[in-house]
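No value in this document is a laboratory result; all are computed from the given coordinates. Just so you know, these numbers come straight off a predicted model, no measurement behind them. Glycine gets a Cβ as well: all are built from the backbone with ideal geometry, and neighbour counts include every protein chain shown.
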Amino acid sequence: MLETSVRQVRVALAMVLGRRLNVRAVERLVADALLTLQEFGSLGDDVDELADGPFADPDERRDLQNRALQRTVRRLAKRSPFYRERLAGTDLDALTTETLTSIPVTRKADLIERPADFLCSSPYLVTQTTGTTGRPVQIWLSRYEMELWPALIALSVVLRGDIRPGDRMQINLSSRATAAVQEDVEVCRLVGASCHVVGQVPPEESVEHLLGQADGIRPTLLTGNPSYLARLVTAARSLGCRPDEFGLRSIYAGGEVMSRALTEALRDTFGAETVGDNFGMTELLPVGGRTCSRRHLHIDPNQGYTEVLDLDTGEPAGPGRLGELTVTPYYPYRECMPVLRYNTGDVVRTLDGEADCELAAVPAVSQILGKAGQIHRTADGVVTPRDIVEVLDGTPGLPFPLRHRAGVQGDGRLHVEVASRELSAAEVTKLLLAHDIDARVTVLPLDDEEAARRFPLRCDLLERTFTTRSHA
Ligand SMILES: [Zn+2]
């Protein structure tokens, strides 16, 4: 019964893209799924297929994509002053994934310069990006979006068993990321879980909450940016916490490059079975992606169209090439301040061949390798920010989070600056060289505060509270 109704709604979601979705119908499905779980203890077979939706079928995908793109651009041309200009002269009814490439990409600078020209419906909530570089982008969301997205997420997480009634989620995101925080809070409400919006407070305080010291309830789920989670690892270790003191089942990270070493450290330090590295970006909501066991990034094709644009040519990247992730969320999933061909500046590598993993039905690229402006083209070849972080993160003598900077110098050689009070430049050079990264290394013996000032990360956007005086 549940399978049938979920399948019907999924197909309806994909086909009836011409108008807004019925949020209550999706919420009812979540409730039905929870009842089924309560009664039968499981949701039956092929729930993964259900959760992946009809776009997961490659034969159906192309046709659905073209139709979804056409509906999206028609609405943009009608409602968005920015896109009315940009789409003038384009045959919107004939648009396909092939001809889409003739429309220029949209960049962050466009959103910053002309925010009002992107508005297509009444705004309800503004959310702000929390990156460490450049001016933040403000994205307006409608009430419909803020109700629909959590309902869709709740349906997926219940079908997959990721969140269960009775769970407690600790949210360590910055309070300025209002959309992400609100989404998590609503998902917990729909699933019957509880949540604690802790924010990016000093890490020792978050660790106390994870231990259940505040109200005796230990969180089972934790969400935050990788650099903040890295600070939690360091804090928990210095407080001498054991993994069995925590009640965490899953940790969800996103928004920054997360290394294998940090993934393992989170698992070991907090005893969590699952450490998920999710892709999500305010500008692209509700499109998101998950990382599989083979460390691909699988981006959900149901709610948006994803392209990888070659770093050198700007054209769709061939197999095994580096390119910038460019995404178009579909109407009616995105309605208030939608973007078309939004160039994220995040670099990935296209896969050379089919993905052979548990998420193979969902299109995949490599994990995010860094920002386009930070891809290092040395005389010896390309080095990505991820290449460096994967080598250095978790090395004894380099505390989590890794504080560093890299750049190519005039002689074509990579220069890496890193904060450490224990390692020498020769030791770091050797580590990098063992992974074929030839670099001139400078080690700066900074204390934590100086290191944070010199090499800021998202975790440094700390929200102070009075109770933190005791840690000072
Ligand atoms: Zn995969």
Express in whole angstrom the spacing between the alpha-carbon centres of the range 190-223 and the range 224-243. 13
Separation in nanometres of the label points that stand 7 Å from Cα toward Cβ, at Glu245 and Thr442: 3.9
Give the cross-link partners of Lys108 among the aspartates and glutamates, using a straight C-alpha distance below 20 Å as the criterion and excluding same-chain residues fewer than 8 apart. Glu85, Asp117, Glu256, Glu283, Glu307, Asp310, Asp312, Glu315, Glu324, Glu335, Asp346
Nearest-0.05 FRET efficiency for Asn22 and Asp59 at R0 = 25 Å, using Cβ-Cβ distance, is 0.35
Using +1 at the Cβ of each Lys and Arg and -1 at the Cβ of each Asp and Glu in the range 85-126, identify which of Thr99, Leu87, Ala116 lies farthest towards the dipole's positive end. Ala116
